1. Considering only Phe19, Phe30, Phe58, give the residue with the highest GNM mean-square fluctuation for the chain, with springs between Cα atoms whenever their separation is below 10 Å.
2. Which one of Cys55, Gly8, Ala87 is farthest out on the positive end of the charge dipole of the range 2-94, using unit charges on Cβ (Lys, Arg +1; Asp, Glu -1) and the Cα centre as origin?
3. Using Cα pairs closer than 8 Å and at least 6 residues apart in sequence, work out the relative contact order for the chain, in percent.
4. So what are the ³J(HN,Hα) numbers for the range 59-68, from phi and the Karplus equation (6.51, -1.76, 1.60; θ = phi - 60°), rounded to whole Hz, Gly and Pro as x?
5. Of Gly49, Gly37, Gly23, which is the most mobile in a GNM of the chain whose springs link Cα atoms less than 10 angstrom apart?
6. State, to one decimal in nm, how far the label point of Leu32 lies from the label point of Val13, with both points 7 Å from Cα in the Cβ direction.
7. From the backbone phi of the range 37-51, what are the Karplus-calculated ³J(HN,Hα) couplings (6.51 cos²θ - 1.76 cosθ + 1.60, θ = phi - 60°) in whole Hz, Gly and Pro given as x?
8. Over all directions, the average projected area of the alpha-carbon convex hull for the chain comes to how many nm²?
Amino acid sequence: MLALQADGISDLVEMASAFATAGIFIALVFGLFTGWGGAPSAYAAIVVGAVVWACGKFALDMQAPYVSGVLAALLAYVLVTIATRSAAAERRTCA
């Protein structure tokens, strides 16, 4: 389906490389250079980054959907990290 909409092979390569890399970039940077977050945060960043990029590219026809995907992935990573840390702290106080 995407191949029928693309103007050429360069468009297909661009779509394939940008699809999930917004979230992967955030997960990779946080995973390599900080001790903050974990697997749930990385999964959330990858999924949210891919979904926001796809919505921006196809539904909203944005000029730069990758930037929106990266920012959304960053937000998802931070929020899931905060949520999982507070849940773990709550479990420690209850035990």
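Only the coordinates and a few stated rules stand behind these numbers; no lab work does. Since the structure is predicted, the reported quantities are computational estimates derived from the model, not experimental observations. With ideal geometry, Cβ positions are generated from the backbone for all residues, glycine too; neighbour counts draw on all protein chains shown.
1. With Cα springs under 10 Å in the chain, the top fluctuation among Phe19, Phe30, Phe58 is at Phe58.
2. It is Ala87, whose Cα lies furthest towards the positive end.
3. On the way: 108 pairs, mean separation 27.3, N = 95.
For the chain, the relative contact order is 29 percent.
4. Computed from phi, the couplings for the range 59-68 are 8, 9, 6, 6, 6, 10, x, 5, 4, 5 Hz.
5. Between Gly49, Gly37, Gly23, it is Gly37 that shows the largest mean-square fluctuation.
6. Going from the Leu32 label point to the Val13 one covers 2.2 nm.
7. Working through the residues one at a time gives x, x, 4, x, 5, 5, 4, 4, 4, 5, 5, 5, x, 5, 5 Hz.
8. Mean orientational projected area (the chain, Cα hull): 7.3 nm².
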